[in-house]
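J.: Have a look at this one before I ask anything.
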Amino acid sequence: MMENNYISMKNINKSFGKVVANKNINLAVRKGEIHALLGENGAGKSTLMSMLSGVYTPDSGSIFVKDKEVQFAAPKDAINAGIGMIYQHFKLIDVLTATENIILGQKNSLFLNQKALSEKIRKMSARFGLDIDPDKKVYDMSVGEKQTLEILKVLHRGAEILILDEPTAVLTPQETAKLFKIMNRMKEEGCAVVFITHKMNEVMEVADRITVLRKGETVETVDKGATNPKHLTELMMGCPVDLSIKRLETEKTKVAMEVKNLSAFDVEGVQVLKDINFGIYSGEILGVAGIAGSGQKELCEALAGLYPVKQGEIIFENENLVGKSPSEIIAKGISMSFIPEDRLGMGLVASMDIVDNIVLKLYQRQKGLFINRKPAEEKSLEIVKRLDIQTPGINHPVRMLSGGNIQKVLLGRELDLKPHVLITAYPVRGLDINSCHTIYDILNEEKQKGVAVLYIGEDLDVLLELCDRIMVICDGEVTGIVDARNATKEEIGLMMVGAVDSKQKQEVREDDNANNNSCH
């Protein structure tokens, strides 16, 4: 009986060559509910939703929308059936306004009354609690506004069933709260919302029911009131899991890197780093907290030789790295590994396989014109085994892997350089719990070897449990460096929004300088 079900997916199967992505999956989503889809990276969540949104066609099985069996040959068929999907990577044209993006690709869009359309968009925005200016250009929007626009775009096309794929991956806590408000408003309006996520706290906050997938199969569908994060994790993993994060105690006597009065400006002359001062010890994990866009990315890139520095010093092994290119840094034997936010844009070449991506890093060390692929093949096999990367083989294109496995390839390649300083920007973003804990364990291993780890993260609970100290950045400025053992989320939250007076900032800076100087 499919009573009240907006969507029913029955015995869905989908394979890509020898890889079975979905096997006899069953999913039912009711009218007026938020339904979370949980599973490890590669469990088949995105593939299943891609079939519901018309991107893929099932090999076998049936899809019902409002009790009527449907067959989608293309995304437009799913849109016509009232299903809209919001992807992690937004599909918007930067130079167009919100209104122009909404009507793009629709029939007779050239002849629409712009004034009437803007009014319709404003009414729809008010109905669903979507705060968007119809005349604002996309390039002027924050990440949260772009996501809101994507939601408005599918609602305007008549969607009553909304699929959100990892929607909070790049949002600030404030933007996440706003998104949950929108989702709850949609639920009140009778829409069905399917929510793919890895974050247990979000599932427990916003979902009504949760379906867990494991290795391409449905494990169970549970009501939120009848479960908890530990139970859900056990369903995902198939075995009991320890969710605690260990903070290893190590001796911290040597400053591995010291940053003094670091300042940088963007291409438009806006100061993005303002007189940054800190030191990081060998055998320490120094966390960096801050609202998205506070200067974390620019700091990472400046330390790795990728961003121009206006003034200041980056002292590493008694040498100032400012002004040196990444290749010069490598040529001097200074091993600094950098894991960027954008895994496929900056970190890896998507069309290449794992071996070729390892070769990219190894070739600088090889002499002569010809590259010996053998070491890269051996390293690839080693990395796949050590990090439990789910792949048909080391010659499989990186873009065909799930997000978590792409992240593991990148981390494995960087760690293979045996760094003295490891800079990691959001290394667990978009990863399932098991993959997150694998990476926490690896960072702790590096810390034990005496590596200095700079860990830029967005989950304050993780920063407090994993790191030794936490440096908070707000608007390109350090607003505090605290001991993670006795800091609170509230205290860090206040520093993240700059609610610290200049006297406190000065005390923090002086304390940190004293800590650094005591080690020389």
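J.: Suppose the filter is closer than 26 Å to ILE433 by Cα, aliphatic (A, V, I, L, M) and in contact (Cβ under 8 Å) with a residue 12 or more places away in the chain; does VAL272 pass it?
T.: no
J.: Just the residues that are closer than 30 Å to PHE316 by Cα and out of contact with any Phe, Trp or Tyr (no Cβ under 6 Å at 6 or more places or on another chain), please, taken from segment 227-254.
T.: Within segment 227-254, LYS246, ARG247, LEU248, GLU249, THR250, GLU251, THR253, LYS254 meet the criteria.
J.: Turning to a different aspect of this structure: Tally time: how many residues in segment 435-448 are free of Cβ contacts under 8 Å to residues at least 40 places away in the same chain and either part of a loop (DSSP other than H, G, I, E, B) or closer than 10 Å to GLY283 by Cα (or both)?
T.: Of the residues in segment 435-448, 2 are free of Cβ contacts under 8 Å to residues at least 40 places away in the same chain and either part of a loop (DSSP other than H, G, I, E, B) or closer than 10 Å to GLY283 by Cα (or both).
J.: Assuming ASP242 fulfils every condition listed in (1) part of a loop (DSSP other than H, G, I, E, B); (2) surrounded by 15 or more Cβ atoms within 10 Å (Cβ to Cβ) apart from one, which condition is it?
T.: (2)
J.: Looking at GLU301, GLU284, GLU313, can you tell me which residue is of a type in the set (D, E, K, R), under 28 Å from VAL497 (Cβ atoms), in the same structural domain as TYR455 (by TED's automatic domain parsing) and at pLDDT 90 or above?
T.: Step by step, each of GLU301, GLU284, GLU313 is checked, and only GLU284 is of a type in the set (D, E, K, R), under 28 Å from VAL497 (Cβ atoms), in the same structural domain as TYR455 (by TED's automatic domain parsing) and at pLDDT 90 or above.
J.: Moving to a separate point now. Specify the residue that is nearest to ASN26 (Cα to Cα); the eligible residues are those in segment 56-90 that are of a type in the set (Val, Ile, Thr) and not in a strand (DSSP E or B).
T.: THR57
J.: Can THR211 be described as surrounded by fewer than 17 Cβ atoms within 10 Å (Cβ to Cβ) and β-branched (Val, Ile, Thr)?
T.: Against the criterion (surrounded by fewer than 17 Cβ atoms within 10 Å (Cβ to Cβ) and β-branched (Val, Ile, Thr)), THR211 does not qualify.
J.: Among (1) in a loop (DSSP other than H, G, I, E, B); (2) among the polar types (S, T, N, Q); (3) not assigned by TED's automatic domain parsing to the domain that holds THR488, there is one condition THR233 misses while meeting the rest; what is its number?
T.: (1)
J.: Here's something else I'd like to know. Can you name the number of the only condition in (1) surrounded by fewer than 19 Cβ atoms within 10 Å (Cβ to Cβ); (2) out of contact with any helix residue (DSSP H, G or I) (no Cβ under 7 Å at 6 or more places or on another chain); (3) assigned by TED's automatic domain parsing to the domain that holds ALA304 that GLU382 fails?
T.: Failing condition for GLU382: (3).
J.: For PHE180, are the conditions met, namely being more than 24 Å from the chain's Cα centre (by Cα), assigned by TED's automatic domain parsing to the domain that holds ALA81 and among the aromatic types (Phe, Trp, Tyr)?
T.: It is false that PHE180 is more than 24 Å from the chain's Cα centre (by Cα), assigned by TED's automatic domain parsing to the domain that holds ALA81 and among the aromatic types (Phe, Trp, Tyr).
J.: Only one of these conditions is not met by ALA302: (1) crowded, with 23+ Cβ neighbours inside 10 Å; (2) farther than 23 Å from GLU175 by Cβ; (3) touching a residue at least 60 places away in the same chain (Cβ under 8 Å); (4) hydrophobic (A, V, I, L, M, F, W, C). Which number is it?
T.: The failed condition is (3).
J.: Taking segment 111-149 only, how many residues are without any contact (Cβ under 8 Å) to a residue 60 or more places away in the chain, touching a strand residue (DSSP E or B) at 6+ places or on another chain (Cβ under 8 Å) and either among the β-branched types (Val, Ile, Thr) or in a helix (DSSP H, G or I) (or both)?
T.: 1
J.: Within segment 378-412, how many residues are in a helix (DSSP H, G or I) and either at pLDDT below 75 or within 19 Å of the chain's Cα centre (by Cα) (or both)?
T.: 13
J.: Being β-branched (Val, Ile, Thr) and modelled with pLDDT of 85 or more is the requirement here; does ILE103 meet it?
T.: No, not satisfied.
J.: Sticking with this one: In the set VAL272, VAL206, VAL267, VAL212, which member is touching a strand residue (DSSP E or B) at 6+ places or on another chain (Cβ under 8 Å) and in the same structural domain as ILE492 (by TED's automatic domain parsing)?
T.: VAL272
J.: Scanning segment 189-225 for residues that are part of a helix (DSSP H, G or I) and either modelled with pLDDT of 95 or more or not small (Gly, Ala, Ser) (or both), which turns out nearest to GLY82 (Cα to Cα)?
T.: VAL206
J.: Hey, another quick one. Out of all the residues in segment 462-485, which are over 24 Å from ILE439 (Cα atoms) and assigned to a loop (DSSP other than H, G, I, E, B)?
T.: Correct list: ASP475, GLY476.
J.: Something else about it: Can you give me the ranges of the strands (runs of 3 or more DSSP E) entirely in segment 1-55 with at least 1 residues that are of a type outside the set (Val, Ile, Thr) and surrounded by fewer than 18 Cβ atoms within 10 Å (Cβ to Cβ)?
T.: Once the strands (runs of 3 or more DSSP E) in segment 1-55 are filtered for at least 1 residues that are of a type outside the set (Val, Ile, Thr) and surrounded by fewer than 18 Cβ atoms within 10 Å (Cβ to Cβ), what remains is 5-16, 19-30.
J.: Let me ask you something else. Can you name the number of the only condition in (1) surrounded by fewer than 20 Cβ atoms within 10 Å (Cβ to Cβ); (2) touching a residue at least 40 places away in the same chain (Cβ under 8 Å) that LEU152 fails?
T.: Failed condition: (1).
The values are calculated or read from the model by the stated rules, or taken from the named source; none is laboratory data. Note that the coordinates shown come from a computational prediction; the quantities given were computed from them, not determined experimentally. We place every Cβ from the backbone using ideal geometry, glycine too, and count neighbours over all the protein chains shown.
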